[in-house]
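Structure first, commentary second.
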Amino acid sequence: MTSKFSATLSIDQNGTILCSDCEKQLCSREEIWKNYAIVSEQPMERTCGSTYTVSKDVLLRQFYCPECGSLLDSEIALSGDPFLNDTVRG
Amino acid sequence: MDPITFSIIRHRLFRIVDEAVITLKHVSGSAITNEGHDLMVSLYRADGSLLMGGVGFLHHLTSAAEACKSIIRNFSGNINEGDIFLLNCPYTAALHTSDIYLIAPIHHNGVLVAWSACFVHVYDIGAMNPGGFSPDSNDIFTEGFSSPGLKLVDKGEIRKDIMNTILNMVRSPEMVALDMSSMIACNNVAKDRMQSLIDKYTPKVVDKACSLLISQSEKLFKERLAELPDGCWHSRQYFDVKGQTFKVLLKMSKEGEKIVFDFSGSSAQSQYGINCSRWASWGGLFAPLFPLLCYDITWNEGVIRPVKMIAPEGSVVNATRPAPVSIATVGAIQAVNNAACVCISKMLSASDKYSKEATAVWHGSHFAIFMFGKNQRGTQSIGILTETFGGAAGARAIGDGVDVGGEVPNPISRMANVETMEATFPIRYLFRRRLKDSGGPGLHRGGTGAEFAITPHDAPDGGINYVISGKGTEYPMSDGLGGGYPGAPSNYLWVKTNEALESGVPLVAYPNSIEQIPGKKEKISWGVFPLVGLDSLYVGWNGGGGYGDPLSRDCDSVARDVKNGVVSNVIAEKVYGVVVDNGKVIHKETNFLRKKLKRERLEMGKINDI
Ligand SMILES: [Zn+2]
């Protein structure tokens, strides 16, 4: 039995955050799940194509499930920006 | 109270607002009001608290409440039947000087029982730059006429000395006079209908229903908050102005029946007018909150009570006078709209019951382009290119965003057709269409923005000028959700065809794309520019954010998007992992490509481990 943590993550009865696609356990709800995901940071124009005529400093930061490779979250960031760490207490 | 009477009165209040909006549109002569729907009408209680929020730009609902309260404080003992007050000072309650509030007390048998308030973005306000958005202004003093409150109509008589003084300070006074008339008419209709309602049901019953309506909204909103998970959600908006970067940071905390929006860490206020005042940020966070969390709850004081805001003084979201704020509505306020939309949607996503209501950001950045100059009839035209109200819907948990599908803060925004704009200004459209690859990729795709180009036509002065106070060109502002990509940023180009022809480049009679227009393309976003001779202005506007993983998007939907010209083959393959040929999915190659892209993601992780 799980409930939703975000659009792409679930949380089980023990408070463990899981990938909703493959149920891979990432970490407990007290921890920062993004530290347990695969992180990619790339210039936005390179990732999204020629309509994204943005400043070269703008990064698309993406977090993937380390088990199934599903995309779990995306952030617009400048280099060195902290992760946007959301918490859900239920 | 008898539930049927209560329901009838609630619906009548809604209809009063609706009819007042129609009046505003029918009397105002400007495209920004009657085509773009840059307007608002709402009803307020006798103490100025919000009773029935109307449609239009929703960040005005709470600001106009503040305006009512300010008038009540400052005109105590001098508020009479038939009066109408004007307030447009952003440091008192308004959002920027050009959004004028006209506020009218509603009396019944001599007793003050309610207020109506409305705004339109007036044709001109006498700021440094025509149209109200004033990129050349570096303080509030140069942003045009600004009043913390004055009596414009005294017991049913327009105060001509005041009206003439205002009209003496603005460009195109005849059009501003029409705007003023539209707001007076709107308030008169609201007052008349409200009085009829009270005549029918008695003051006591209507007052009881109004009081109940507010406590009902508070109860329902608190119940909804209690159903949603407790937690803390973050968002970050960057926006660029004249080479500088500004940031709006938001932490939204929800616990039980309370919700707090904290903007600590946002940039210090700017020398440019993209700042907003505290009341503007307050309104800015309610603009997405009303439709996303209270779509079935009456928008009034009851919804406001459980909400708190922290906005550091001297920041872009709580500027200190005399900082300029003329561009607030498309600057810091819109960043607040977007940030609040993201945090609210993340909270919805964490709810088993409400996750389907979540949405990525819609049309994250307005392009407020005001044209001004002599028109084909030899008179002056000032006005906005209403395409900015066309918007682009964000993708939602349940489906794609609608292309050119509007925006969250104004549920009735829309744009004029090409012919209306060509009749208003001495210009000709070269093309206007949906912009390929502008909708943020995702499981559900963000709605596209659009692109168009205009060139002078039949202009007595050889052309026209325009004011542009854009941002959202260096940073996308329509954030995606649940991994979805942001929508593409906006792009404004001054195409210098005059120069090109002088150097011998051949003229293209009917160019149908930006590539076909001859001339150097200069990226612009801020200031006043000429549009003369054969030069043109190209605008590509931002798409809505995407929702979810684009590698999970239905392959046939990607093929349909490619066939319809809204997604390129390059993005279909690179981002969606779908190979499309002749409008059909090539399944074997698609399966191979999607597996490869997933593998590459996982291998990236292995590299990090090493
Ligand atoms: Zn997974």
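Bear in mind that the values in this text are calculations on the coordinates, not laboratory data. The structure presented is a predicted model; accordingly, all values stated were derived computationally and were not measured. Here the Cβ positions follow ideal geometry from the backbone for every residue, glycine too, while neighbour counts run over all protein chains shown.
Given charges of +1 on the Cβ of Lys and Arg and -1 on the Cβ of Asp and Glu, with all other atoms neutral, how large is the dipole of the protein assembly as shown about its Cα centre, in debye to the nearest 20?
The dipole magnitude comes to about 640 debye.
Once amide H atoms are placed 1.01 Å from N in the peptide plane, what residues at a sequence separation of 5 or more from B:Leu435, or on another chain, have their amide H within under 5 Å of its amide H?
Amide H neighbours of B:Leu435: B:Gly449, B:Ala450, B:Glu451.
Kindly identify segment B:3-219 as rounded, prolate or oblate by the Cα gyration tensor criterion: order the square roots of the eigenvalues as a ≥ b ≥ c, call it rounded if a/c is under 1.5, otherwise compare a/b with b/c, prolate if a/b is larger, else oblate. Write down the numbers at each step before the final one.
Values: a/c = 1.87, a/b = 1.73, b/c = 1.08.
Here segment B:3-219 falls in the prolate category.
Please name whichever of B:Thr62, B:Gly533, B:Leu443 sits farthest to the positive end of the charge dipole of the protein assembly as shown, dipole taken about the Cα centre and charges placed at Cβ: Lys and Arg +1, Asp and Glu -1.
Positive-end residue among those listed: B:Leu443.
Give me, ordered by chain and number, the residues 5 or more places off B:Ala358 or on other chains with an amide H under 5 Å from its own placed amide H.
Correct list: B:Ala397.
Show that you can apply the helix-only estimate: for the protein assembly as shown, add -39,500 (n - 2.57) for every DSSP H stretch of four or more residues, divide by all residues, and state [θ] at 222 nm to the nearest 500.
After summing the helix terms and dividing by residue count, I get -9000 deg cm²/dmol.
Quick check: net charge around B:Met180, other residues with Cβ under 13 Å of its Cβ, Lys/Arg +1 and Asp/Glu -1?
Values: positive: B:Arg159, B:Lys160; negative: B:Asp124, B:Glu174, B:Asp179.
Value of the local net charge: -1.
Excluding residues on the same chain fewer than 8 positions from B:Lys598, give the lysines whose Cα lies under 30 Å from its Cα.
A:Lys4, A:Lys24, A:Lys34, A:Lys56, B:Lys346, B:Lys356, B:Lys436, B:Lys563, B:Lys574, B:Lys584, B:Lys588, B:Lys606
For a label point 7 Å from the Cα of B:Phe75 along Cα→C-beta, name the residues of segment B:147-179 whose backbone N is under 18 Å from it.
Counting backbone N atoms under 18 Å from the label point, the list is B:147-167.
Can you pull the mean other chain C-beta count within 10 Å for peptide B:547-554?
For peptide B:547-554, the averaged partner shielding equals 3.
So for segment A:2-77, taking the charge dipole from beta-carbon charges (+1 Lys/Arg, -1 Asp/Glu), which of A:Ile17, A:Ser55, A:Ile38 sits furthest toward the positive end?
Positive-most Cα among the choices belongs to A:Ser55.
Have a look at B:Ala368, B:Val336, B:Ile382 and report the one farthest towards the positive end of the charge dipole of segment B:326-399, computed about the Cα centre with Cβ charges (Lys/Arg +1, Asp/Glu -1).
Comparing the listed Cα positions along the dipole, B:Ile382 ranks first.
Could you compute how fast segment B:317-367 diffuses translationally, taking Rh as the Kirkwood radius over C-alpha pairs and applying Stokes-Einstein at 20 °C with viscosity 1.002 mPa s? Give it in µm² per second.
Values: Rh = 12.5 Å.
This corresponds to a translational diffusion coefficient of 172 µm²/s.
Suppose we look only past 15 Å in the calculated P(r) of segment B:555-609. What percent of the Cα-Cα pairs does that tail hold?
46
So what's the net charge close to B:Asn138: Lys and Arg +1, Asp and Glu -1, counting the other residues with Cβ under 14 Å from its Cβ?
The answer is -1.
Test of understanding: what is the full-extension gain from B:Asn109 to B:Thr5, defined as 0.36 nm times their sequence separation minus their Cα-Cα distance?
Extra length available between B:Asn109 and B:Thr5 comes to 35.2 nm.
Is the shape of segment B:425-563 rounded, prolate or oblate, going by the alpha carbon gyration tensor and its root eigenvalues a ≥ b ≥ c, with a/c under 1.5 for rounded and a/b larger than b/c for prolate? Walk me through the numbers on the way to the answer.
Working: a/c = 2.94, a/b = 2.05, b/c = 1.44.
Prolate.
What is the average number of partner chain Cβ atoms found within 10 Å of a Cβ in B:574-584?
1
Using a 10 Å cut-off around each Cβ of peptide A:53-59, what is the average number of partner chain Cβ atoms that fall inside?
For peptide A:53-59, the averaged partner shielding equals 6.
I need the shape label for the protein assembly as shown. Rule: rounded when a/c is under 1.5, else prolate if a/b > b/c, else oblate, with a, b, c from the alpha carbon gyration tensor.
Because a/c hits 1.5 or more and a/b fails to exceed b/c, the protein assembly as shown counts as oblate.
Which of the helices in chain B meet the span-like rule: DSSP H, Cα axial reach of 30 Å or more, Kyte-Doolittle mean at least -1.0?
B:3-27, B:173-201, B:203-227
Which distance in Å, rounded to a whole number, links the C-alpha centroids of segment B:294-327 and segment B:570-608?
44
Quick query: amide H of A:Leu72 versus all other amide H atoms, modeled in the peptide plane; which residues come in under 5 Å with a sequence gap of 5 or more or a different chain?
A:Phe63, A:Tyr64, A:Cys65
Specify the inter-centroid distance of segment B:144-206 and segment B:9-41, based on alpha-carbon positions, in whole Å.
First find each Cα centre; the distance between them is then 14 Å.
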